[in-house]
1. B:PHE160 - would you say it is under 27 Å from A:GLY45 (Cβ atoms), under 17 Å from the mean Cα position of the chain (by Cα) and away from chain A (no Cβ under 14 Å)?
2. How many residues, within the range A:2-52, are among the hydrophobic types (A, V, I, L, M, F, W, C), free of Cβ contacts under 8 Å to residues at least 40 places away in the same chain and surrounded by fewer than 18 Cβ atoms within 10 Å (Cβ to Cβ)?
3. Do you know which residues across the range B:96-132 are in a strand (DSSP E or B) and either closer than 22 Å to B:LYS24 by Cβ or within 14 Å of chain A (Cβ to nearest Cβ) (or both)?
4. Across the range B:80-95, which residue is nearest to A:ILE134 (Cα to Cα) among those that are among the hydroxyl-bearing types (Ser, Thr, Tyr) and not in a loop (DSSP other than H, G, I, E, B)?
5. Got at least one residue in the range A:148-156 being within 14 Å of another protein chain (Cβ to nearest Cβ), surrounded by 18 or more Cβ atoms within 10 Å (Cβ to Cβ), in a helix (DSSP H, G or I) and at pLDDT 90 or above?
6. Please return the ranges of strands (runs of 3 or more DSSP E) entirely within the range A:1-79 where 3 or more residues are within 14 Å of chain B (Cβ to nearest Cβ).
7. Kindly list, by first and then second residue, each pair from a residue in the range A:172-194 that is crowded, with 17+ Cβ neighbours inside 10 Å to a residue that is at pLDDT below 85 and acidic (Asp, Glu), limited to pairs with Cβ atoms under 8 Å and residues at least 6 apart or on different chains.
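The values are calculated or read from the model by the stated rules, or taken from the named source; none is laboratory data. Please read these numbers as outputs of a predicted model, since none were measured by experiment. With ideal geometry, Cβ positions are generated from the backbone for all residues, glycine too; neighbour counts draw on all protein chains shown.
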There are 2 protein chains.
Amino acid sequence: MTFKDTKKLSELLPFWKSLNEAEKNEVAEHSELKIYKKGEKIHNGSGDCIGVIAVKSGRLRVYMLSEDGKEVTLFRLVNKDICLLSASCVINNISFDIHVDAECSTEVYIISVATYDRIAKENPQVMSFMTDIISLRFSEAMWVMEQILFMKLDKRLAMFLLNQANLENSDTITLTHEQIAGHMGSAREVISRMLKYFSNEGILKVSRKGIKILDKEKLGNRGDGP
Amino acid sequence: MTFKDTKKLSELLPFWKSLNEAEKNEVAEHSELKIYKKGEKIHNGSGDCIGVIAVKSGRLRVYMLSEDGKEVTLFRLVNKDICLLSASCVINNISFDIHVDAECSTEVYIISVATYDRIAKENPQVMSFMTDIISLRFSEAMWVMEQILFMKLDKRLAMFLLNQANLENSDTITLTHEQIAGHMGSAREVISRMLKYFSNEGILKVSRKGIKILDKEKLGNRGDGP
């Protein structure tokens with residue numbers, strides 16, 4: 001890694017300040033800057049243990065994948081986010097598989113599993129950080145689970161569309177109905193029906209170009225309401 | 001706590017051996033033996049932070065509860081299991097609510113949150129244990145999520161019935177269809193229909209007394225099959 005990369009890495013890792021000089025050097029030596037293209041797979045479920053990911057720029061999507069190709073998005077990682085689940089071989093008891101894709105051109109540092117494992121065992125503050133980050137991802141995943149199990153589909157879809165518009169920084173969402181269904185763990189037909197309903201309500205306009213949000217406030221009320 | 005209680009607690013806590021004498025005394029002083037009746041609520045979601053639970057005997061059910069009373073069972077705790085989520089106020093980033101009920105007469109030790117928090121911060125092995133246990137619960141919850149999202153209902157119901165028969169140590173399951181639906185995050189009608197189907201297949205017999213499993217092997221094949 002270049003000096004510039006090491007400096008950047010030191011800004012991205014919340015536990016950097018708690019490392020001693022030897023540990024800092026070890027992390028810098030065993031980290032690598034990688035650039036992924038939009039749509040590229042970074043981490044591929046079972047057996048994959050690429051290392052700890054620190055996002056420098058761009059956006060990653062972390063999701064579960066069923067045997068028959070159904071997807072459920074768990075959370076997204078953006079600038080300064082850290083992913084430990086991509087290094088699950090060094091975390092005891094993590095027995096589920098996740099997949100990580102780049103949603104746009106994304107730069108990440110990847111810290112080798114052996115290095116991370118060693119400093120986590122030596123340094124209590126790294127271990128404490130590990131507990132915090134796993135608890136955070138656990139909470140995010142449980143939030144998704146609550147949405148899917150307990151929340152009515154109109155609310156969930158409204159929240160998804162608003163969130164997506166935010167991420168794409170545009171009022172028009174270019175995902176297909178199939179893709180939206182995938183993100184939400186639902187079926188295409190169900191999503192299309194609900195989009196048609198929103199469209200009839202004048203909340204959005206569905207066309208071949210995508211889904212254009214016409215009335216953000218009304219959509220927001222759907223997402224927040226009881 | 002009596003000497004006998006302290007001895008029992010030392011057997012239940014995997015990190016006991018890593019504590020120094022002062023820490024051992026502190027844990028023993030700030031732990032309490034409690035007995036819960038079948039059906040009694042131990043921990044009640046939001047705002048509740050009763051402490052770390054160590055199960056001495058019996059069985060606890062940990063579940064999520066929606067605003068409109070829908071339940072999803074996440075995992076069960078039996079002899080020697082530890083629950084940290086009932087002390088979520090001392091874990092950073094845990095933002096979801098869980099509920100804990102006794103499924104039968106259950107004895108637990110409850111360690112005070114302040115004491116647990118202090119020893120976790122002082123003792124790296126307690127912190128490391130914390131990471132392990134949170135990862136374990138995370139994995140268990142994700143397993144439930146995978147079941148619900150990805151697995152077909154017949155398989156899920158078959159697995160649930162076999163597991164329940166195992167827990168009740170009987171071929172007859174005394175839960176109502178409503179209760180089974182609650183455990184599985186499904187609707188009563190859906191469960192009743194599937195039970196009728198299994199019954200027609202000669203796999204089980206549904207009566208007012210409960211659900212009697214007639215053909216364990218056939219039910220097992222449902223649960224395991226592709």
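1. Numbers: under 27 Å from A:GLY45 (Cβ atoms): yes; under 17 Å from the mean Cα position of the chain (by Cα): yes; away from chain A (no Cβ under 14 Å): yes.
Answer is yes for this residue.
2. Matching residues across the range A:2-52 total 3.
3. B:HIS99, B:GLU107, B:VAL108, B:TYR109, B:ILE110, B:ILE111
4. Checking each candidate, the answer is B:SER88.
5. no
6. Numbers: elements: A:31-36, A:41-44, A:52-57, A:60-65, A:71-77.
Where strands (runs of 3 or more DSSP E) fall fully within the range A:1-79 and carry at least 3 residues being within 14 Å of chain B (Cβ to nearest Cβ), they are A:60-65, A:71-77.
7. A:GLY182/A:GLU71; A:HIS183/A:GLU71; A:GLY185/A:GLU71; A:MET194/A:ASP154
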